[in-house]
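Peer 1: Could you have a look at this structure, given as structure tokens, before my questions?
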Amino acid sequence: MQPHTNGGVPRGLLLLMSVATGLAVAGNYFAQPLLDLIGRELGVGPSSAALVVTAAQVGYAVGLLLLVPLGDLLERRRLAVSLYAATAVFLLVSAVAPNGTVLLVSTALTGLTSVGAQVVVPLAATLADPAERGRVIGTVMTGLMLGLLLARTASGTLSELGGWRTVYWVTAALMALMAVLLRIFLPRLGGDGDGRRLSYPGLLRSTLAMFRYEPLLRWRAAIGALSLASFSVLWTALTFLLVRSPYDWSESAVGLFGLVGAVGALTATVAGRLADRGRVQAVTGAGTVLLVVSWPALAAGADSLIWLLVGVIVVDLAHQAVLNSSQNVLYALRPEARNRINSAFLTAFFAGGAAGSALASVVWAYGGWAGVCLLGAVLSAGTVALWILERVTVNRAAAKPPKISVHQGDDPAPAPSAN
């Protein structure tokens with residue numbers, strides 16, 4: 001499976017990359033439907049158990065900042081394979097964790113190295129023909145979101161069969177297998193553009209400088225952070241709701257909710273095709289509005305399964321639309337710095353997710369499901385406000401020549417050399 005000479009991505013390679021990204025991210029979310037089970041075995045309370053999810057997201061955010069920019073400096077196949085192999089090792093540590101502290105540390109390290117998925121995503125964007133980049137990114141991100149959501153289903157089922165540790169044993173084996181397959185089938189690609197001229201400290205400074213020189217990156221990072229915060233509030237607190245009255249579900253039943261969320265993830269390719277047709281802003285706007293609309297339905301879901309199902313589907317659909325459209329906008333900005341832009345955006349993105357998970361556990365303790373829904377609605381309203389402000393700001397800048405509109409894909413003043 002080699003890339004086409006015209007920049008296209010063979011279907012088999014695209015499938016492999018989609019599965020790889022989904023599996024890597026899944027390891028950070030296996031614990032969500034198992035929080036009560038893990039807490040009982042390791043002797044920690046619900047709030048402390050929820051920190052397992054937060055640790056994974058914090059580790060992922062740190063990895064996005066420190067490791068993903070290396071894709072502009074190093075040979076990307078070797079980088080991806082190394083990160084996948086390291087993730088397999090840390091998952092094995094989680095499988096044998098004797099207490100909550102060891103589990104938290106190993107989970108954070110798993111999150112750190114699982115950013116191999118975000119080395120694969122911009123690699124797919126690089127291989128893709130520009131006319132179909134949205135579709136390719138959408139396909140790979142569908143794999144990522146399915147991994148994130150179906151992790152709950154898989155972990156619930158495996159825990160019923162062999163306990164929560166079985167989840168980590170199985171995932172470690174799959175990650176090791178994926179490292180081998182990526183080593184065999186991924187094409188060799190060196191770092192892009194000017195990244196090869198930078199030292200590692202310079203690369204990190206250049207990554208942070210992207211926020212200074214790319215206004216659109218700042219807007220999209222803020223929108224994405226609030227979107228994932230809202231998404232994480234739902235999926236962190238949902239476990240606590242479903243294991244209690246009136247639902248009283250088992251861990252495996254809670255995990256099945258991932259199948260419901262997968263409906264929204266499957267819309268990623270649709271969002272990508274719309275982006276390829278120039279409708280990327282409409283996709284973002286619709287996504288932010290739907291995020292807000294979902295929370296009244298979720299609030300009604302406190303004692304109504306139908307409303308809960310509707311709310312979960314809409315949240316996942318809306319979040320995926322916001323993420324996919326934002327990546328399509330940002331990947332067009334600077335092809336020579338694609339990994340650094342991806343790193344900057346996703347660091348803010350997953351930092352928002354970590355904050356959402358942490359806030360959800362605190363708000364649940366004091367305000368229950370009603371408090372959680374209010375928190376989610378406020379965060380979602382923030383995405384709408386930021387998107388409107390972005391449109392107003394970008395349109396005003398475009399109307400004042402000779403300033404260059406970065407929204408049209410032009411390169412603004414280059415970031416200074418950080419050597």
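Peer 1: Check whether at least one residue in region 309-327 is under 25 Å from Arg205 (Cβ atoms) and at pLDDT below 95, and report yes or no.
Peer 2: yes
Peer 1: Still on this structure, please answer the following. Would you check which residues across region 362-383 are surrounded by fewer than 24 Cβ atoms within 10 Å (Cβ to Cβ), farther than 30 Å from Pro69 by Cβ and in contact with a Leu (Cβ under 8 Å, 6 or more places away or on another chain) and list them?
Peer 2: Within region 362-383, Val363, Gly367, Trp369, Leu375 qualify.
Peer 1: Looking at Phe349 and the list (1) in a helix (DSSP H, G or I); (2) surrounded by fewer than 24 Cβ atoms within 10 Å (Cβ to Cβ); (3) not small (Gly, Ala, Ser), which single condition is not satisfied?
Peer 2: (2)
Peer 1: Which of the following residues is over 24 Å from Ala344 (Cβ atoms), modelled with pLDDT of 85 or more, assigned to a helix (DSSP H, G or I) and aliphatic (A, V, I, L, M): Leu83, Leu91?
Peer 2: Just a single option satisfies the conditions, and that option is Leu91.
Peer 1: Still on this structure, I have one more. Give the residues of region 73-93 that are surrounded by 24 or more Cβ atoms within 10 Å (Cβ to Cβ) and either touching a residue at least 60 places away in the same chain (Cβ under 8 Å) or in contact with a Phe, Trp or Tyr (Cβ under 9 Å, 6 or more places away or on another chain) (or both), sorted by residue number.
Peer 2: Answer for region 73-93, where residues must be surrounded by 24 or more Cβ atoms within 10 Å (Cβ to Cβ) and either touching a residue at least 60 places away in the same chain (Cβ under 8 Å) or in contact with a Phe, Trp or Tyr (Cβ under 9 Å, 6 or more places away or on another chain) (or both): Arg76, Ala80, Tyr84, Thr87, Leu91.
Peer 1: Next up: Those residues that are under 30 Å from Arg340 (Cβ atoms) and of a type in the set (Phe, Trp, Tyr), I need them from region 221-247; list them, please.
Peer 2: The answer is Phe231, Trp235.
Peer 1: Starting from residues that are outside any helix (DSSP H, G or I) and of a type in the set (A, V, I, L, M, F, W, C), keep the ones in region 94-121 and report whichever is surrounded by the most Cβ atoms within 10 Å (Cβ to Cβ).
Peer 2: Filtering first and then ranking leaves Ala97.
Peer 1: Scanning for something at pLDDT 80 or above and charged (D, E, K, R), does region 251-266 turn up at least one residue?
Peer 2: Scanning region 251-266, I find no residue that is at pLDDT 80 or above and charged (D, E, K, R), so the answer is no.
Peer 1: Please determine whether any residue of region 278-289 is assigned to a helix (DSSP H, G or I) and closer than 29 Å to Leu112 by Cβ.
Peer 2: yes
Peer 1: Next up: Kindly evaluate Thr157 against the criterion of being buried (at least 24 other Cβ atoms within 10 Å of the Cβ) and farther than 22 Å from Thr54 by Cα.
Peer 2: no
Peer 1: With the requirement that a residue be among the aromatic types (Phe, Trp, Tyr) and either in contact with a Ser or Thr (Cβ under 7 Å, 6 or more places away or on another chain) or free of Cβ contacts under 8 Å to residues at least 40 places away in the same chain (or both), what does region 117-168 give you?
Peer 2: Tyr168 - this is the single residue of region 117-168 that is among the aromatic types (Phe, Trp, Tyr) and either in contact with a Ser or Thr (Cβ under 7 Å, 6 or more places away or on another chain) or free of Cβ contacts under 8 Å to residues at least 40 places away in the same chain (or both).
Peer 1: Which one of these is of a type in the set (Ser, Thr, Tyr), part of a helix (DSSP H, G or I) and within 18 Å of the chain's Cα centre (by Cα): Ser48, Ser18?
Peer 2: Going through Ser48, Ser18 in turn, just one is of a type in the set (Ser, Thr, Tyr), part of a helix (DSSP H, G or I) and within 18 Å of the chain's Cα centre (by Cα): Ser18.
The values are calculated or read from the model by the stated rules, or taken from the named source; none is laboratory data. These figures come from a predicted structure and were not determined experimentally. Ideal geometry is used to build each Cβ from the backbone, glycine not excepted, and the neighbour counts take in all protein chains shown.
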